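The structure appears below as structure tokens.
The values are calculated or read from the model by the stated rules, or taken from the named source; none is laboratory data. Bear in mind that the values here come from a model prediction, so they are computed numbers and not experimental data. Neighbour counts are summed over all protein chains in view; Cβ atoms, including those assigned to glycine, are modelled from backbone coordinates with ideal geometry. Surface areas here come from the heavy atoms of the whole protein model, side chains and all, with no ligands, DNA or RNA. Shrake-Rupley method; radii C 1.70, N 1.55, O 1.52, S 1.80 Å.
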Amino acid sequence: MMLSMSRATLRRYSTSARFYNEKLRPTLPECQYNPCTYSGPSYKKIQDIRSKHMPPSIKPVYSEPLLLTEGKMQWLWDDKGRRYLDMFAGIVTVSVGHCHPKVTDALTSQMGKLWHTTTSYMTSPMYEYAEKLAALMPGDLKICFFTNSGSEANDLAMALIREHTKAFDIIALRNCYHGASPYTIGLTANGGWKHGYANGFGIHHTMNPDPYKGVWGGAHCRDSLSQTDRKCACAEGECQASQHYLDQLQDVLDTTVGKNVAGFFAEPIQGVGGSVQYPKGFLKGAYEKIRAKGGLCVADEVQTGFGRLGSHMWGFESHGVMPDVVTMAKGIGNGFPIGAVVTTPEVARSFAVASHLNTFGGNPLSCTVASKVLDVIKEEGIQKNCEVLGAKLITELSKFRDEFEVVGDVRGKGLMLGIELVADKETRAPLDNPTVGRIWNDMKDMGLIVGRGGLNLNVLRVKPPMCINEHDVDFTIAVMKQAFENHAQSI
Ligand code: PMP
């Protein structure tokens, strides 16, 4: 039944026009900003350049790829002057808003003073930022390295833990994403991003503790206002699913590595993997097992950091764990290229056996931006905004599970949410790619940009700039509802 339905749906998609119906489009919230009229190369010219000069490994998103020309806070405009609510933030990166005026002013002012020196010299933007960032970190996490991206940050974290422990093996979770450099692509466990060249030496992946799709999971596993629709036989305060996944990790440790490991990587909530949350207690138990093997624990906060989860500044805090190394990127610079690795003096000392240089890491421009982003997060109550609006969003979105056949799961925390689309609620089989694409394109046509993720790209990711307001939440819910209704009526 399920198969025949999806084949029929597929056929329909290949022949029929888009869902979009102007009359059913929810009204975009007001916006005071007037963008410039776009005067750059035509859409056709850009497409032409794309086909001639851009690598085919950069896959197009949307059936008519967007040519974006201007951004202001939570808004984006395309070449035709159409306005979109950006609920994906350039892949969870524009943290405080596109071209945030305070950040733009700080950058403009620094641009007239000093662009670049390398870490060989002292500059006040880098040193002041290190002090500010370290003040936000708990415990002994006080030494900051600066990079240009998340992959570089995780590359460095791998080197740090290997150097410190003098061990080689690293454990990560299946379905994780930690980067695309030759070193980190080995850590990443998502086939859609893997190339065939040799990678992953010494890296072992344990079963992903996914309480929705995984072998184990129940009705209380997640630190979220929205739980799975699975049953649970756990007593109060107990999580059997967590224990089962920890047993899997123990099995990996017993069978695939020797006496010692260098460490363990995990995202506090998986990002690219589709906003997957682990059962409560899993990360804590995993850290204990890794430390029993002499390893260090790395929290990849590239997506979850800087208050996005609402309850805490850092995702690892919401799991009650203390990592030895924390990696950051994306939201740290609101779209400006910067990454960071924060660790303890002890770990940093072990790495000082040789010199380390990253030419652009910590440059005055990126550190000025990152510093102002931290000010804005504090001054504008960004973390609280994530908590309050995230709660409203997930409460409303989770109702879609009861209303629409294709909505299998709604999960996440703060402004890091995921909606998993399924072909069958019982089996949790993913909704086929063209159908998800159709619904997703429909949302875009109505003015809403959300992301896609998960192994089957069937999870809609809602991770906006953290400056959104109640009207934006209402619009997001209205557009999603309309898109699911359009889909339901088309089958
Ligand atoms: N870690 C996580 C959790 C990520 O989501 C990403 C990027 N999607 C990276 C690392 C790699 O970051 P970058 O693309 O800046 O190298």
Exercise. Go over the candidates 96, 92 one by one and state the one that is modelled with pLDDT of 95 or more, on the phi > 0 side of the Ramachandran plot and not assigned by TED's automatic domain parsing to the domain that holds residue 442.
Key: 92
Quiz item: residue 180 passes all but one of (1) touching a strand residue (DSSP E or B) at 6+ places or on another chain (Cβ under 7 Å); (2) within 16 Å of the ligand (Cβ to nearest atom); which number fails?
Solution: (1)
Exercise. Considering only region 329-358, state which residues are open to solvent by 30 Å² or more (accessible area, probe 1.4 Å) and near the ligand (Cβ under 10 Å from one of its atoms).
Key: 330, 337
Quiz prompt | Restricting region 298-318 to residues that are of a type in the set (S, T, N, Q) and in a loop (DSSP other than H, G, I, E, B), the residue that is surrounded by the fewest Cβ atoms within 10 Å (Cβ to Cβ) | solution = 311
Practice problem: Would you mind telling me which numbered condition in (1) open to solvent by 10 Å² or more (accessible area, probe 1.4 Å); (2) within 15 Å of the chain's Cα centre (by Cα) residue 438 fails? | Solution: (2)
Exercise. Go through (1) more than 18 Å from residue 247 (Cβ to Cβ); (2) within 16 Å of the ligand (Cβ to nearest atom); (3) touching a helix residue (DSSP H, G or I) at 6+ places or on another chain (Cβ under 8 Å) and name the single condition residue 278 misses.
Key: (1)
Practice problem: Pull up region 197-225, narrow it to residues that are surrounded by 15 or more Cβ atoms within 10 Å (Cβ to Cβ) and either without any contact (Cβ under 8 Å) to a residue 12 or more places away in the chain or of a type in the set (A, V, I, L, M, F, W, C) (or both), then point me to the one that is farthest from residue 417 (Cα to Cα). | Solution: 203
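Conditions tested, residue by residue: (1) within 30 Å of residue 401 (Cβ to Cβ); (2) open to solvent by 50 Å² or more (accessible area, probe 1.4 Å); (3) within 16 Å of the ligand (Cβ to nearest atom).
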site	(1), (2), (3)
115	no, yes, no
152	no, yes, yes
176	yes, no, yes
195	no, yes, yes
Exercise. Report, by residue number, each residue of region 233-255 that is within 29 Å of the chain's Cα centre (by Cα) and more than 19 Å from residue 205 (Cβ to Cβ).
Key: 237, 238, 239, 240, 243
Quiz item: For region 126-137, does any single residue satisfy the condition of being within 16 Å of the ligand (Cβ to nearest atom) and buried (at least 17 other Cβ atoms within 10 Å of the Cβ)?
Solution: no
Self-check item: When residues of region 226-250 are limited to those that are touching a strand residue (DSSP E or B) at 6+ places or on another chain (Cβ under 8 Å) and open to solvent by 40 Å² or more (accessible area, probe 1.4 Å), the one modelled with the highest pLDDT
Solution: 248
Quiz item: Looking at 420, 380, 405, which is the one that is surrounded by fewer than 18 Cβ atoms within 10 Å (Cβ to Cβ) and touching a Lys or Arg at 6+ places or on another chain (Cβ under 8 Å)?
Solution: 405
